[in-house]
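Please read the structure below before turning to the comments.
The values are calculated or read from the model by the stated rules, or taken from the named source; none is laboratory data. Since this is a predicted model, take the numbers as computed values, not measurements. Please note: Cβ atoms are built from the backbone with ideal geometry, for glycine as well, and neighbour counts cover all protein chains shown. With ligands, DNA and RNA removed, areas are computed over all heavy atoms of the protein, side chains included. Shrake-Rupley method; radii C 1.70, N 1.55, O 1.52, S 1.80 Å.
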Amino acid sequence: MWIQIDLRSPLPAYQQIKVKIKQAILKEELRQDQTLPSIREMAQNIRVNPNTVARSYRELEAEGVIMARQGVGYIVVVNPGEIRENFLQDIREQLMIPIRQMKRSGIEEEECIEVVKKCWKESS
């Protein structure tokens, strides 16, 4: 599993790792019961401190996305449907801020939808 960290991103490296692992599950590049690379291996591959990967893995484990198995390593314990539901809930919460701003500014729902569509088309 290859993850690329954007050093210019405002998102800390450990959060980028978490997001990339969740995206890999959503895309079914990682499947339930599949083993993740070891902390050391992941850190070497993406050139970050092993503590950064360890923090990502700990947080993903706390969220119930992965689980540590003695002698095996970290394995994926959720399916894409569960990740998708949680991911969409997170996005909804993040979108509420600009949507509330638009609504308070008198922007109509159709205009808001057009902005989202335009952003969707412009995104890579």
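Taking 7 Å steps out from each Cα toward its Cβ at E29 and M67 produces label points 2.5 nm apart. Across the chain, the relative contact order, built from alpha-carbon pairs under 8 Å that are at least six residues apart, equals 23 percent. With the simple spin-label model, which puts each label point 7 Å out from Cα in the Cβ direction, the K121 to F87 separation comes to 2.4 nm. Surface composition of the chain: carbon and sulfur make up 50 percent of the accessible area, probe 1.4 Å.
Labels on offer are (i) 17.4, 58; (ii) 18.0, 59; (iii) 14.0, 47, and the one holding Rg and Dmax of the Cα atoms in Å computed from this structure is (i).
Screening the chain for whole DSSP H helices of 15 Å or more along their axis (Cα) with average Kyte-Doolittle hydropathy at least -0.5 returns 13-26.
Considering helices alone, the calculated mean residue ellipticity of the chain at 222 nm is -19500 deg cm²/dmol, with DSSP H runs of length four and up weighted by -39500 (n - 2.57) and normalised per residue.
Cα centroid separation, segment 91-124 to segment 28-78: 34 Å.
Partner lysines whose Cα lies under 30 Å from the Cα of K18, excluding those fewer than 8 positions away in the same chain, are identified as K27, K117, K118, K121.
Taking the solvent-accessible surface of protein heavy atoms with a 1.4 Å probe, what is the per residue accessible area of segment 1-104 in Å²?
Computed with neighbouring chains in place, this is 69 Å² per residue.
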